[in-house]
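The values are calculated or read from the model by the stated rules, or taken from the named source; none is laboratory data. As the structure is a prediction and not an experimental result, all values here were calculated from the model. A quick note on method: Cβ atoms are made from the backbone with ideal geometry, for glycine too, and the neighbour counts reach across all protein chains shown.
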Amino acid sequence: MVTTIFSVLTAAAFTATLFCAALAALSDLRGMRIANLLSLIITGSFAFAFLVDLIFLREAALFGTWWHAPLAGILMLVITFILTGAGVIGGGDSKLASSLALWTGLGGLPAFLLVMSFAGGILAFIAIAGRNSRIAKALAPRCGEKSWVAALAAGKNALPYGVAIFLGAVAAFLQTGLLTAVFITPFAPVN
């Protein structure tokens, strides 16, 4: 009974994370900005779920060895800090990726980085093809003046990397089994 309560709390924290990550991707598409509050909520949700797992659900070991998750967040912060310094991604992208890396842990970091990079490459291809295009110029008024489409219509070099980060994180959640561990396993009938 107590384990079920804490499993529900962990699932709620992870649901908040997925919602905030999706909202960040959408925000990046629509306004080329990711609010710091979204990364803060993701980090706070992780801290809550991590403490619940560490203290109350020791047998579940959702995050594996206790130091894997913080180390993954730190590694992602270093990687994205370098990319931000080089002007490849923005500060909001760095904070979002680092907060989501906490959830993936070290085991999910390679999948996260691989899918994020691949999705970023696809976005870059779309940006190159769509820059100053008639399609972008026609869609820009409908998408909003601060949207990615408006930036493309204006000929700017801009990528909504929050979309790539979201896709990379979801791939890592699937690869590590985190989605199953949070939403299915705790609530499966016991024989």
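Conditions tested, residue by residue: (1) crowded, with 19+ Cβ neighbours inside 10 Å; (2) under 23 Å from Thr3 (Cβ atoms).
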site: Arg33; (1), (2): no, no
site: Asn36; (1), (2): no, no
site: Ile42; (1), (2): yes, no
site: Ala47; (1), (2): no, yes
site: Trp67; (1), (2): no, no
site: Ala72; (1), (2): yes, no
site: Met76; (1), (2): yes, no
site: Ala101; (1), (2): yes, no
site: Val115; (1), (2): yes, no
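If you go through the range 52-73 one residue at a time, do you hit one that is aliphatic (A, V, I, L, M) and without any contact (Cβ under 8 Å) to a residue 12 or more places away in the chain?
yes
Against the conditions (1) assigned to a helix (DSSP H, G or I); (2) in contact (Cβ under 8 Å) with a residue 60 or more places away in the chain; (3) aliphatic (A, V, I, L, M), where does Ile34 fall short? Just the number, please.
Exception for Ile34: condition (1).
Just wondering, is there one or more residues in the range 144-166 that are of a type in the set (Ser, Thr, Tyr), in a helix (DSSP H, G or I), crowded, with 18+ Cβ neighbours inside 10 Å and in contact (Cβ under 8 Å) with a residue 40 or more places away in the chain?
yes
Could you run through the range 27-62 and say how many residues are modelled with pLDDT under 90 and in contact with a Leu (Cβ under 8 Å, 6 or more places away or on another chain)?
The qualifying residues number 3.
Would you mind telling me which numbered condition in (1) over 17 Å from Leu40 (Cα atoms); (2) surrounded by fewer than 23 Cβ atoms within 10 Å (Cβ to Cβ) Gly92 fails?
(1)
What is the number of the single condition among (1) outside any helix (DSSP H, G or I); (2) among the small types (Gly, Ala, Ser); (3) within 30 Å of Gly144 (Cα to Cα) that Gly64 does not meet?
It is condition (3) that Gly64 fails.
So for the range 11-21 (the condition being touching a residue at least 40 places away in the same chain (Cβ under 8 Å), crowded, with 18+ Cβ neighbours inside 10 Å and within 30 Å of Ala154 (Cα to Cα)), does at least one residue qualify?
yes
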